[in-house]
Each structure stands twice: as structure tokens, then as C-alpha cells.
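Undergrad: Provided herewith is a single structure, encoded as C-alpha cells, for subsequent inquiry.
The values are calculated or read from the model by the stated rules, or taken from the named source; none is laboratory data. This is a predicted model, so every value here is computed, not measured. Methodologically, a virtual Cβ is constructed for each residue, glycine included, from the backbone with ideal geometry; neighbour enumeration extends over all protein chains shown.
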Amino acid sequence: MMIKMVIADDEVLTLDMMACIIDWAKLGIEIVGKAVNGQEALDMVRRENPEILLTDIQMPMMDGIELLKVLSESHPQLKSIILSAYGEFQYAKEAIRYGASGFLVKPIDELELEELIASTVKSHLESKVITQEAAFRKLLSTRSGTPALLRTLESEGIRLTREFRAYVIQTEPASVNDQLLYLDEASSNSERIICALLTDLTSQGIRGYVFEHQDEEWICIAERAEGFGSRIAELLLSELGWKVVVGVSGLKTAPNDLHDAYNEALDGLGRRFLFSSEQVFEYDQLTPFGALHADMHHQVYKQTQALLEEIAADPFGRPDWRGKLSSILHEAPLRPDEIYSLVFSLLIRLRTRDWEHSQGDHEAILPVTFEAIKRCKTLDVLLDYLASSLQQLAGEEKQRSSGGSDLIRKAKAYIQAHYNTEISLESICAHIAVSKNYFSSLFKKETGMNIWDYLTSVRLEQAKRLLTTTSLKNYEIASRIGYENPSYFTKMFKKSFGQLPQEYRIRQSDGESIISS
């Protein structure tokens, strides 16, 4: 859609010259009127409702300053550019006070005029996007838009009188690395997503609007376009390399329906939790969560609860629990929050039992938080989390019954084999299949030192061996035993043995010389 502009100047030659010297269409501008005095310019603005006014200051009937003063009240969104003679700078300053976007001194420089118009167009578009987004956000949050809000939409050229759908787009990074990359480039990626979708809508001749609603969520409102949800997913994957999921509302016919359209799209995305292999969820093709028969919903809930009760009673006596639970939930799905609550309740019960069996060693109990469970965005991920928790429980119960010696032995062997890598508590606990809290407490109880002190002792013993058997430099030894920072290695060596690495090497060498002599 072209941006409309009115030009006003009492010199006809100047008017004709300004209309011809620039390729206005290239800038996205259509000149809808040329006025030779201020009153005519005011009438044109009221009739054509342009986005930009380019006006001289000195004009008959109404000068440019008076024109801007009147329009600042009736057309506050109008972008105005003032033309002034060299000696009229004080008038230009007054024009700025009434909202002028800028001014040029006659005679007009073609390049300066084009740059100022381009900047004004950009400012107008940015302002328009902000106004549109604000109006859309209000419509998303209420079932009935106010007349003033609907007029705002109309004034911005937003017309949702035909059938339209709302598309809610959420990112679904494939890996942790992808998530970190996305966070680093979030701003530019958001602009690219919006640009790609708007370009595609334009190429198909479809009226549509796209904006970022919140972090990692965009809303596209498009007039009737069959299959556009799948097209969105394919387009963003092919052009940006991002996998997304798309919730698609039913057809709507009025701006006031946007609230319901948004919630329908979100309701569709709610099924992403159970059907994680799919990317597009169309509301019209799904049975809404609330549409389940009340008795059936209660029955599914009770089945799920009964299975989780069995797991709580004997966590390791139902090896088929995962397939059974998944089957129950897919037959007649519960809401994600209901499933989160059931799993949270199960883990709390299991951890309470741990508390009772821990013989006062409560620091070893792995805490359970609802926030951690809700970070599992699909059922498969939640079941992985539950399986991992049960595996940790099994390892902890086994080690409690054996006194923990076997666990400590395995951990020490793992540390001695990997001391020269970026070893972490997470990697150690993953290897021996217990929780970090439990293992840290057990290691301190069994060995009298914490895990990091033990790792340091292993590394420094290896450093002593290298100092006496090789000619490696300090930074080379630091690297070989797992320290990236040579200064930190030197500090730890001095703290543990009371001497610097080089001093230790010299004394060991002197000792060997005395013995050999």
C-alpha cells in the first residue's frame, strides 16, 4: 500500500519541480494533491488523509506555521516537512514545535530531499507498526473491542472484515546449542521471521499482519489462506533454518473475534505437548480439551492417577509404565497442566519416602520443583525426566543398602580416567546414575572431602609426576591435567604443597642428584 503525500507551495513551478525530480513510487509514495496556499492544503489533508505533508512556510491565506498548528490537533499522526528560505530559520524552529519531522532550506537539494523523505517514510512505518501492534494486543486481551480501538485500526488501514485466521508461531530449537544461538541472535531473527512472512503474504496477494507477541512467539493474522500454517513452518525452516510449531485458529469474520482466534490457536498448540512430532495444529481439526465428556475426562484422570500410584508404591516393579502412561494420555488427552500436577505429586511422594529413609541425611534429597517439570514442553521430554528420576532413585536405594562404597569406587575411577577433561558434577552423576545432591552428600560422608577437593588432589598428583619425569613447561602441564589457566594451576599447587611447581621440580632434581652421588 502506497504512502500518500500532499505538497503545498505558492510557486507553481516549485510544485511541478518537486513532483518530478524524485521517483516517488520508488520510495513507496503517491502524491495525492498539490496545493498553492495554506487553506487549500488544509482542505486536501482533511479530504485525502495523507501520511506526509511537504509544505512551504510562506503561503497566502494560511502560512505553513498556522497550517501545522491546526493539523497538530486534528491529524497528530501526520508527518510534516517544512521548506523555508534561508532567512526563515526562526520559523522552521517554530514548525518543529508543532510536530514537523524536519525542514529543508531553499533552493531544494534533490539528494537532501530524497534522504529526508526516506527517513520520514521509515519513521512513519515504524510508528504505524507500533500503533498496529498496540491495537492488536488490546484486541487479543478482550472479547469486545471499543469503537475507538476499531477506529484506530481503520485509520491504520487494518481491515479484518473478511474471513481471517490467527496463526500463533512458536520456536522449537532442536538442541541446546541452537537455543543458545537463538538467544544471541533473537532480535535479528525476529525481524527476519516477520520480514519472511510479510514478503510471502505480499507475493500471494494476501492481506496480513505479523508481529512479535512475546519472546519466541509471533502472531500472524491473515485473510483466508488455506494451508498457510504448513506454509509458515516450511518457509521458516527453508529460509531461516528454524523449526517452529504453528497453532491455527478457526475462521473469523470481525476484529472483535481476534481474542477468540488467539485462544483457539493456543488451544491447538496445547496438543504439541502430546503430539510432539507434528508442527501444525489446526483448531478445526482437533477435539478441544474442554469438549471431552466429563465422565470420560474423569475416567482418564483416574486411570492416570492409578498408574502413578502403582509406580509410587513400587517404582521399579512396572518396567512397562512408560508405554502404558503414554497410551492412556493419547487416547483421551488431559491438559498439560493436569499431567504436570500428577507427575509433580508422584515425585513429591517418592522424595518424601527418600526423606524418611535417609536417616537424617536430608541434604542428599534431590529437590523437586514444579518449574523444573513445566520446562518439559512435550510428553516425551516429561517421560524422560520421570525415567531419569526413577533411575536416580534406584541407584540411591542400591547404594544406601550397600553403604555407598561401590558408588564411591566407580566415581573415583571415573575421575581418575577423566581428570584432564572438562569434568563436571553432572557428568560424574550421569555416569553413575544418581542425583547430584545425593552423590555430593554421600561422597563427603564416605571420604571426608568434597568432590572438588578430590579432583584437585588427583590433578595435582599427576602434576607432580609430570614435573619429575618430563621437561614440560608449567602451562603445558596445566593443560594436560585439565586446567585452562596456568596461573590457577600454580596457585593451587602452591596452596597444596607449600611451593611453586618449578621449586618442586628443582628440589626433586637436587634430591635425585644427591642420591646418585
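Undergrad: Go through (1) more than 38 Å from the chain's Cα centre (by Cα); (2) over 29 Å from GLN508 (Cα atoms) one by one and return the number of the condition SER441 breaks.
TA: Condition not satisfied by SER441: (1).
Undergrad: Can you tell me how many residues in region 111-143 are closer than 18 Å to MET2 by Cβ, surrounded by fewer than 17 Cβ atoms within 10 Å (Cβ to Cβ) and hydrophobic (A, V, I, L, M, F, W, C)?
TA: Of the residues in region 111-143, 3 are closer than 18 Å to MET2 by Cβ, surrounded by fewer than 17 Cβ atoms within 10 Å (Cβ to Cβ) and hydrophobic (A, V, I, L, M, F, W, C).
Undergrad: Yes or no: region 102-110 includes at least one residue that is crowded, with 20+ Cβ neighbours inside 10 Å and either of a type in the set (Phe, Trp, Tyr) or within 47 Å of the chain's Cα centre (by Cα) (or both).
TA: yes
Undergrad: So is LEU104 more than 30 Å from GLU226 (Cβ to Cβ), in a helix (DSSP H, G or I) and at pLDDT 75 or above or not?
TA: no
Undergrad: Suppose we filter THR152, THR161 for residues that are at pLDDT below 65, part of a helix (DSSP H, G or I), farther than 17 Å from LYS243 by Cα and not charged (D, E, K, R); which single one remains?
TA: Values: THR161 fails: part of a helix (DSSP H, G or I).
The unique qualifying residue is THR152.
Undergrad: Suppose we keep only residues that are surrounded by 14 or more Cβ atoms within 10 Å (Cβ to Cβ) and β-branched (Val, Ile, Thr) within region 418-459. Which one would you say is nearest to THR490 (Cα to Cα)?
TA: Residue satisfying both the conditions and the ranking: THR456.
Undergrad: Could you tell me how many of the residues in region 392-411 are at pLDDT 75 or above and surrounded by 15 or more Cβ atoms within 10 Å (Cβ to Cβ)?
TA: Number satisfying all stated conditions: 4.
Undergrad: In region 475-517, which residue that is of a type outside the set (Asp, Glu) and not in a helix (DSSP H, G or I) is modelled with the lowest pLDDT?
TA: Filtering first and then ranking leaves SER517.
Undergrad: Which residues, counting only those in region 232-253, are in contact with a helix residue (DSSP H, G or I) (Cβ under 7 Å, 6 or more places away or on another chain) and more than 11 Å from ALA166 (Cβ to Cβ)?
TA: Listed by number, the residues that qualify are ILE232, LEU235, LEU236, GLU239, LEU240, TRP242, LYS243, VAL244, VAL245.
Undergrad: Filter region 48-65 for residues that are over 25 Å from GLU112 (Cα atoms) and more than 44 Å from the chain's Cα centre (by Cα) and give the result.
TA: Residues satisfying the conditions are PRO60, MET61, MET62.
Undergrad: Please go through region 216-260 and give me each residue that is at positive phi and free of Cβ contacts under 8 Å to residues at least 24 places away in the same chain, ordered by number.
TA: Across region 216-260, the qualifying residues are GLY227, GLY241.
Undergrad: Here's a follow-up. Kindly indicate the residue of region 314-328 that is surrounded by 11 or more Cβ atoms within 10 Å (Cβ to Cβ) and at pLDDT below 80 and also farthest from TYR262 (Cα to Cα) among those meeting that condition.
TA: PHE316
Undergrad: Residues in region 443-468 that are free of Cβ contacts under 8 Å to residues at least 24 places away in the same chain and either touching a strand residue (DSSP E or B) at 6+ places or on another chain (Cβ under 8 Å) or under 21 Å from HIS418 (Cβ atoms) (or both): how many?
TA: Number satisfying all stated conditions: 8.
Undergrad: To continue, here is another question. Which members of region 228-254 meet the condition of being farther than 18 Å from ILE206 by Cα and not hydrophobic (A, V, I, L, M, F, W, C)?
TA: SER238, GLU239, GLY241, LYS243, GLY247, listed by residue number.
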